[in-house]
Amino acid sequence: MDWAQLFSVALGAILVNNFIVAQFLGICPFMGVSKKVETASGMGLAVIFVMGLASAICWPINQFILVPMGLTFMQTVTYILVIAALVQFIEMFLKKSMPSLYEALGVYLPLITTNCAVLGVVLQNTQNSYDFITSVVYGVTGGIGFLLVIVIFASIRERMEFSDCPKAFEGFPIALMAAGLVALAFLGFSGLKVFG
Amino acid sequence: MNVKKQFMDGMFFQNPVTVQLLGMCSTMAITTTLFNGVGMGVSVLVILTLANIIISLLRKIIPNNIRIACFIVVIAGFVTIVDLCLQAFLPSLSASLGLFIPLIVVNCIILGRAESFAYKNGVVVSALDGIFQGLGYTVILVIMCVIREFLGNGTFGGGILNGGDGIRILPEGIPALGMILPVGGFITLAVLIAAMQYFLNKPKKGEKKTEEVAK
């Protein structure tokens with residue numbers, strides 16, 4: 001196994017090609033649940049979990065069912081069904097065995113189904129033809145990148161509550177502006193190249 | 001009258017992007033050239049209209065508990081059809097939109113309209129709703145594309161006009177590359193939504209002004 005390559009995939013997913021600020025995936029939950037640091041970190045943790053698991057499950061399905069049967073055009077449909085089923089399953093499992101975590105995640109768990117970062121990571125795994133381990137690493141680290149940005153952004157937004165801004169910009173537009181500045185900060189990582 | 005109201009809702013008062021704040025990912029990600037914006041807008045319009053028609057036809061059959069799963073299957077089916085059509089007939093558009101075509105499946109606009117409109121209304125109204133909401137989305141995409149392409153690249157109509165390079169308005173070296181990068185997406189959308197809020201919050205004058213923009 002090539003550790004250097006895994007490391008560069010991981011670093012890329014967290015900083016350089018961050019899912020939110022560099023690839024524009026998962027903007028809806030990013031803007032929706034970033035009003036408080038606590039809920040934002042809960043959402044981030046749930047996303048790490050689901051992205052890792054979805055990568056792990058979709059890889060064998062693609063490799064051993066869709067490709068041999070020549071059904072690769074069904075990828076999008078299959079993946080979204082897998083993700084929806086997975087989220088439902090995790091929800092039932094957590095409710096029974098880990099009620100405390102279930103309550104912490106609350107409504108954010110079902111919302112993950114329509115998070116484009118999850119479908120995006122699975123589709124990218126297929127497009128880049130990553131092997132199993134790289135796929136899982138990419139999924140988990142992509143989730144970590146999501147957590148990092150959403151927590152940073154939520155803490156900025158908490159401070160912004162008390163600041164003055166033009167009337168037309170109140171609420172959503174000023175939050176988008178702040179997100180733009182976070183994206184600008186992360187742009188600084190784009191020069192970062194590890195092992196070529 | 002009702003059709004006109006639906007049209008105005010789709011374009012301004014209930015615009016999917018600037019008022020309902022749905023479908024943000026694709027709005028910011030692909031609006032770098034006019035070609036991308038028009039292509040994405042039309043794809044979403046087609047998928048939204050077809051999905052609305054099918055869902056409103058099936059609305060009495062789909063059980064309430066698993067409706068979201070049913071919606072997603074219908075939407076994913078149409079997205080696959082459009083994806084394959086684009087790959088076959090417009091490979092250049094398909095290549096530049098890339099991942100964002102299959103990602104229309106999780107575009108909140110389509111699921112949102114299915115849930116809040118098509119599941120409760122008749123076929124014709126739902127089809128019109130799909131067309132007008134899709135148009136509203138396309139208009140916003142085109143506005144964003146024109147602004148970002150002009151400021152970030154100094155051209156107009158990239159991908160379509162002048163053999164794909166677009167018509168150069170600003171000389172090279174002046175445009176700010178940042179407007180094409182993600183930063184520009186966030187800031188352009190922020191300004192656009194702020195402008196929309198400004199006009200919508202001034203009821204009488206606002207209506208006149210938005211109509212002028214439409215003309």
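Taken together, the values in this text are just the output of simple stated rules run on the coordinates, not laboratory data. Bear in mind the structure is a predicted one, so any value in this text is a computation, not a measurement. Cβ coordinates were reconstructed from backbone atoms using ideal geometry, including for glycine residues, and neighbour counts include every protein chain displayed.
From the cross-link list A:K36/A:K95; B:K5/B:K120; B:K4/B:K120; A:K96/B:K60, which pairs have alpha carbons spaced over 27 Å apart?
Details: A:K36/A:K95 24 Å; B:K5/B:K120 18 Å; B:K4/B:K120 20 Å; A:K96/B:K60 33 Å.
Going by Cα-Cα distance, A:K96/B:K60 fall outside the 27 Å limit.
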In terms of the ratio Rg/(2.2 N^0.38 Å) built on C-alpha atoms, what value belongs to the stretch B:7-90? 1.24
Go ahead and estimate [θ] at 222 nm for chain B from helices alone: -39,500 (n - 2.57) per DSSP H run with n ≥ 4, summed, over the residue count, rounded to 500. -20500 deg cm²/dmol
Quickly work out the A:T72-to-B:K5 label distance, labels modelled 7 Å from Cα along the C-beta direction, and quote it in nm with one decimal. 5.0 nm
Could you tell me the largest-minus-smallest coordinate of the C-alpha atoms of chain A on each of the three principal axes, in descending order and whole angstroms? 59, 46, 29
Along each of the three principal axes of the Cα atoms of chain B, give the extent in whole Å, ordering the values from largest to smallest. 59, 48, 26
Only helical DSSP H runs with n ≥ 4 go in: add -39500 (n - 2.57) per run for chain A, normalise by residue count and round the 222 nm mean residue ellipticity to 500 deg cm²/dmol. -21500 deg cm²/dmol
Tell me the net charge near B:K60. Cut-off is 14 Å between Cβ atoms, B:K60 excluded, with +1 for each Lys or Arg and -1 for each Asp or Glu. +3
Under 5 Å, built H, 5+ apart or other chain: amide partners of A:F19: A:F146
Residues whose placed amide H lies under 5 Å from that of B:Q20, excluding near-sequence neighbours: B:N15
DSSP loop GluC sites (Glu not before Pro) with at most 15 other Cβ within 10 Å: longest gap in chain A: A:1-160
Between helix B:123-153 and chain B, what is the angle of the helix's C-alpha long axis to the longest principal axis, kept within 0 to 90° and rounded to the nearest 10? 20 degrees
Nearest 10 degrees, 0 to 90: helix B:67-89 Cα axis against chain B principal axis: 40 degrees
Expressed in µm² per second, the diffusion coefficient of the stretch A:68-127 from the Stokes-Einstein equation, with Rh the Kirkwood radius over alpha carbon pairs, at 10 °C and 1.306 mPa s, is 124 µm²/s
Helix B:182-200 sits at what angle to the longest principal axis of chain B, using alpha carbons and giving 0 to 90 degrees rounded to 10? 70 degrees
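Run through every distinct alpha carbon pair of the stretch A:1-113 and return the Kirkwood hydrodynamic radius in angstroms, one decimal place. If you can, show how the numbers build up before the last one.
Details: mean 1/r = 0.0628 Å⁻¹.
Result for the stretch A:1-113 stands at 15.9 Å.
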Contact order relative to length of chain B, as percent, for alpha carbon pairs under 8 angstrom and 6 or more apart: 30 percent
If contacts are Cα pairs under 8 angstrom and at least 6 residues apart, what is the relative contact order of chain A in percent? 43 percent
For chain A, list the DSSP H helices whose alpha carbon atoms reach 15 Å or more along the long axis and whose average Kyte-Doolittle value is -0.5 or above? A:37-60, A:75-97, A:116-127, A:132-160, A:172-187
